[in-house]
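First up is the structure itself, then whatever we jot down about it.
The values are calculated or read from the model by the stated rules, or taken from the named source; none is laboratory data. Source: prediction; values computed, not measured. Don't worry about glycine lacking a Cβ; one is built from the backbone with ideal geometry, like all the others, and counts go over all protein chains shown.
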Amino acid sequence: MEAHAGTIRIPTETTAKPRRRRLRLFLAAARARRRERAVRSHELRASGIGAPSVPGSEHSHLLPPKAY
């Protein structure tokens, strides 16, 4: 037996790589979060309710970034 016996392939019926279940679940969850955000923002626009605060006002107490 040679040292590179791991390179020998036994032909099987499947030639495609198996799909990654975790990646598929992660992408499905990301799509669901994106869809929920879109529905929520649409409902806010449709109801006429304004933003609860002025954009950026909650960050006004932060210091400006330092230049190194």
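Within the stretch 38-59, if we keep just the residues that are assigned to a helix (DSSP H, G or I) and among the hydrophobic types (A, V, I, L, M, F, W, C), the residue that is modelled with the lowest pLDDT turns out to be L44. Please work out if R35 is in a helix (DSSP H, G or I), surrounded by 10 or more Cβ atoms within 10 Å (Cβ to Cβ), at pLDDT 75 or above and not hydroxyl-bearing (S, T, Y). So R35 fits the description; yes.
Among the residues of the stretch 1-32, those identified as at pLDDT below 70, part of a loop (DSSP other than H, G, I, E, B) and either in contact with a strand residue (DSSP E or B) (Cβ under 7 Å, 6 or more places away or on another chain) or hydrophobic (A, V, I, L, M, F, W, C) (or both) are M1, A3, A16.
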